[in-house]
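Below is one structure, written out as C-alpha cells, with a few remarks after it.
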Amino acid sequence: MKNPLIDKRNQLILFLGILLAVKMPQAGARFALWVLTGIIVAALSDILIRRIFYKQKITPNSAIITGFITAGIIDYNQPFFILSVFVLLAIISKHIIRYKSRHVFNPANFALFAAAFFRVPLTWAIESNIYFIIAFGLYMAYSIRKLPHVSGFLILFSALFMMQGINPFMLISWFFVFVMLIEPKTSGFGRLNGFIFGSIAGIAAFLVFRFVPRYDLFVLSLFAANAFIPLLEMLNKKNRAGLPTGR
Amino acid sequence: MRLKWILIMLGLFFIGTQAIAQMGHCSMGTEHHHAEISHSEEELGTCPVMGGAASKDYSYTHEGKTYYFCCPWCIDEFKKNPEKYASNPNIKEVSIEAYQFGFSPEQIILKKGDIIKILAVSRDVTHGIYIKEYNINVPVKKGNVTEIEFTADKTGEFDILCSVYCGHGHNSMKAKLIVEE
C-alpha cells in the first residue's frame, strides 16, 4: 500500500493538524469543534458537487485543506452557520470561477475575502507557531517549486514596508506566505510567473495596509494576485508564440 | 545538495530575523511602561482627548478654562473640535491603547447603564477593536483617535479582540470588557 504521507496534500493536512493541536490549550475545545465543522462542511460539499455535477468519486483532500484554512482564520467565536456559509462559498467558487479548466481564486482565500467584505473578523487562530510554519513552509515551497513566489512576495513586501519605516517581520503572516500564497493550482507556474505573482501580492499587501487598513492585507493581496493569473498566463503564451523559432 | 543548504540557511535567517524582531518589540514594551509611570506622577487629571494622564507641559485655554493634555498632538486635536472634547458629565470616557500584541489596559470595568465613549489609539500599526456582543468592529489607525460610543446595557464579561491582522501575535490580542450590575 502506498504511504499516504508521500502526497503533499496529506503532509499539509498533518501540518495543519499539528498547528491546531498547538493552539488548543489556549483556544479551548470550541476551536477544535469549529475547525472540524469547517472540514466536514468542505469535504461533504465537495464530494456532493463532484458526484452530482461531474459524476466523479473523489478523496476530498483539497477540500479538507480549504475547510481547515477557512475555519482556522475566521474568528471561532462566531456562530457555526456563518462558518458553514463561507466554507460552502469557498467550495462553490472552486467549481464556478474557472479559467482554462482551473479555478482562478484560492478557494479558502475567496471565502475569507467574502468574510472580510461582510465585516466578519479574521483572527488567524491557526497561526499558532511561526517557527514551525517557517521550517515546514520552506520545505513545502521548495518541494512544490514555489520558492520564486515566496521570494517575490518577501522582496517587495519587505522593501515597501521598510521604506515606510515599519519592520516587515513584525507584521508578516508566515502562515499566509508558506501555506496560502503557494497554493499550487492558483499561484501560477514557472519561475518568472511565480516571482511576478508573489510581487503582485507583496505590492497589493502594502497598498491595502497603506490605503484601506480596515481590510485584511493578506487576504486582499492574494485575491488581487489570483485575479492577475489569467492575464499572466495570456502574456506568457503570447511571449512564447512571439519567440523566433530557433535555429 | 547546494540548494538544500541554501534552504536551511534561509530558514535560519527567517527564524533569526523573527526572533530579533520579537526581542526588539519586547524592549519597546518596557520603555512604554516607564513612560506611563512618569506621566502618572503628575496629578492634573486626564487628557480630554485620549483619557490618559495629563501633563502640565501641555495645556490649552478654551473659553476661560485651561485643559491639560498628555501630548502636543492632543492639543491640536482639541483645537480642531473643542466642543467634541469639552467635558460631558453624562458620558464616561475610557481610553484603550492597542499594540503588537495586546491592549492596555487589559480590563475595562463598567456599570450597567453607563454611556461609554472608548477612545482607542494604536501604538504601532493598524489594529481593530472588536466586541461581538455589542456589535462593535472598528479599525484603529496609528496616529488617530477612534471614538466608540455605546450604552453598556448587557452585563457580563466580554472579549475585546483585534479584528485587523497586525502580525503573528494577532490571534493572542485580547482584553476584557466587564459590565457589572
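The values are calculated or read from the model by the stated rules, or taken from the named source; none is laboratory data. As the structure is a prediction and not an experimental result, all values here were calculated from the model. FYI the Cβ positions are ideal-geometry reconstructions off the backbone, even for glycines, and counts take in every protein chain you see.
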Exception for A:Asp75 within (1) crowded, with 17+ Cβ neighbours inside 10 Å; (2) closer than 24 Å to A:Phe209 by Cβ; (3) touching a helix residue (DSSP H, G or I) at 6+ places or on another chain (Cβ under 7 Å) falls at (3)
Picking from A:Ser158, A:Ser199, A:Ser151, the residue that is closer than 24 Å to A:Ile65 by Cα, in a helix (DSSP H, G or I) and of a type in the set (S, T, N, Q) would be A:Ser151
Checked A:Ile166, A:Ile126, A:Ile172 against criteria (out of contact with any Lys or Arg (no Cβ under 6 Å at 6 or more places or on another chain), within 16 Å of B:His170 (Cβ to Cβ), without any contact (Cβ under 8 Å) to a residue 24 or more places away in the chain and surrounded by 24 or more Cβ atoms within 10 Å (Cβ to Cβ)); the one match is A:Ile172
Exactly one of A:Asp46, A:Asp75 is of a type in the set (Asp, Glu) and within 14 Å of chain B (Cβ to nearest Cβ), and that one is A:Asp75
Of the residues in segment A:78-92, those that are surrounded by 17 or more Cβ atoms within 10 Å (Cβ to Cβ) and aromatic (Phe, Trp, Tyr) come to A:Phe86
Heads up, the strands (runs of 3 or more DSSP E) in segment B:64-181 (entirely inside) with at least 3 residues that are more than 14 Å from chain A (Cβ to nearest Cβ) are B:65-69, B:91-99, B:107-111, B:115-122, B:146-151, B:174-180
Would you check if A:Met180 is within 26 Å of A:Pro121 (Cα to Cα), of a type outside the set (Asp, Glu) and touching a Gly at 6+ places or on another chain (Cβ under 6 Å)?
no
By residue number, the members of segment B:114-144 that are farther than 15 Å from B:Phe103 by Cβ and of a type in the set (A, V, I, L, M, F, W, C) are B:Ile115, B:Ile116
When (1) assigned to a helix (DSSP H, G or I); (2) modelled with pLDDT under 85; (3) of a type in the set (Gly, Ala, Ser) are applied to A:Ala205, the one that fails is (2)
